[in-house]
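Trainee: My structure is below; once you've seen it, I'll send some questions.
Readers should treat all values here as calculations from the given coordinates under stated rules, not as data from a laboratory. On a predicted model such as this, the values are computed, not experimentally measured, just so you know. Backbone-built Cβ (ideal geometry, glycine too); neighbour counts: all protein chains shown.
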Amino acid sequence: MRCEPLRRRQALTFCRTAPRTRWSRRTRSLTAALAAVGVGLAWGPPARAQAATAVTLVESGTPTLGGTVTLSASATDPAGTPLYDFWVESPDGRWSQPLGGYTSTPTLTLDLPAAGSYVVDCYALDQTQVAQRAWGEAALAQQVVWAGVKPTVSVTAPGQPTVGTPLSVTTTAAGVPDPRYDVWIQHPDGTWQDLTGYQSTPSVTYTPQHPGPHTFAVYVAPGAALVPWKAAVAATATVTVTATPTVTLSGTVQNGQIRFPVVVWQYVGGRWNAVDGDAMIDTGNSAGLVVNGSVLGASGDVSQGSATVVGVGGPSSVGLWPGLYVAPQSDPTAWIAANTTGIGGLEGLGDPTLVVNIGLPSLQAGVFALNGSTWTWTYPVAAAGAGGPP
């Protein structure tokens, strides 16, 4: 068996199939247990040698795709001459031992035939330790070499990025085995915030709270990196977030009701269908949006107890109306609701001109005011997103 290089400051190595054997954790534990009761093994290590001190690894040359760089190791050994063992993880995730094992050669010329990250681990032992197969006593240094690769960051939003609209931040990095991503954001006031820490997920969602430029910086490191922030490469993307647009509607109370004309869109039967009618503001309705079941297409039923419905004709049957877009007729793209699901009685509202009932949850997204018989409602325009009404 050949042992994979010492990973993440472990005291011992762990092994995988190959023609050379290192001591496993279990073997060393057994040896220690036998030694404790005075039993020795003929192939076990004798008295401990004085170990080589910490090893350093220096990169020279400019890493370019198809080129080479030189890694030079240095360690001191009070007991003799230090020996070095180089391991390399290539962009395809495979590990190799380019010098074949421990050698007195302190340098490695690293070929860079493929784009990506090259993780170079260098271990140092003295000759006595190698003879004793004391692999767990090795000093370790690591260098990550990047060639011909740079991650890319994309930031997308449903429509124009606005305050309160989630932004999707996605990073692409080819040739990086088991990549780790750390996403930072610079807010409009110039402060930085770490959104994720190093994680394996290449995407994160962030909802901006303030208008202005938002810069996302993503750091990418291979999973084998002992100290990811030292080994990472970075990419940035900046988006400008605008304040959420608002629309103010106003009118007078008529016959005890607050109504205004709207258009309701719904994608039914393979095409967009528009319904004109009135919306009624209902400050006593706990449902956010109630639709007239007699003019729009339902999709499945829910029980009466799952939602409080006020002013709907159906006393025992309540339906769901998905994919609704609602806007005032005076401004037919200033969406009050976009791609939302309404709740309605299957029998309809009993009023052929009333198509939408707007309740408190929708009202509270904006500012509603009633002064005598005059009312105003200022609401944030909902983002239509891709694939909305024409």
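Trainee: Over the Cα atoms of the stretch 60-182, compute the convex hull volume and normalise it per residue, giving Å³. Each step should come with its number before you reach the end.
Mentor: Working: hull volume 18.2 nm³, N = 123.
In the stretch 60-182, the Cα convex hull volume per residue is 148 Å³.
Trainee: Sort Arg94, Arg133 so that the residue with the fewest other Cβ atoms within 10 Å of its own Cβ comes first and the one with the most comes last. Walk me through the intermediate numbers first.
Mentor: On the way: Arg94 9, Arg133 15.
The order, fewest Cβ neighbours first, is Arg94, Arg133.
Trainee: Taking the Cα-to-Cβ direction at Trp272 and at Thr242 and moving 7 Å from each Cα, how far apart do the two end points lie in nm?
Mentor: So the label points at Trp272 and Thr242 sit 1.9 nm apart.
Trainee: To continue, here is another question. With the contact rule set at Cα under 8 Å and sequence spacing of 6 or more, what percent relative contact order holds for the stretch 152-241?
Mentor: Values: 209 pairs, mean separation 29.6, N = 90.
RCO, the stretch 152-241: 33 percent.
Trainee: Ok, one more. What spacing in nm lies between the two simple spin-label points modelled at Trp192 and Ala234, each 7 Å away from Cα in the Cβ direction?
Mentor: Going by the 7 Å Cα→Cβ label model, 0.5 nm.
Trainee: Same structure again: Do you know the relative contact order of the stretch 208-290, to the nearest whole percent, from alpha carbon pairs under 8 angstrom that are 6+ apart? Could the numbers behind the result be given before it?
Mentor: Numbers: 89 pairs, mean separation 17.3, N = 83.
That works out to 21 percent.
Trainee: By the scheme Lys and Arg +1, Asp and Glu -1, what is the net charge of all other residues having a beta-carbon under 12 Å from that of Cys122?
Mentor: Every neighbour counted, the sum reads -3.
Trainee: Principal axis lengths of the stretch 139-223 from Cα atoms, whole Å, largest first?
Mentor: 50, 24, 20
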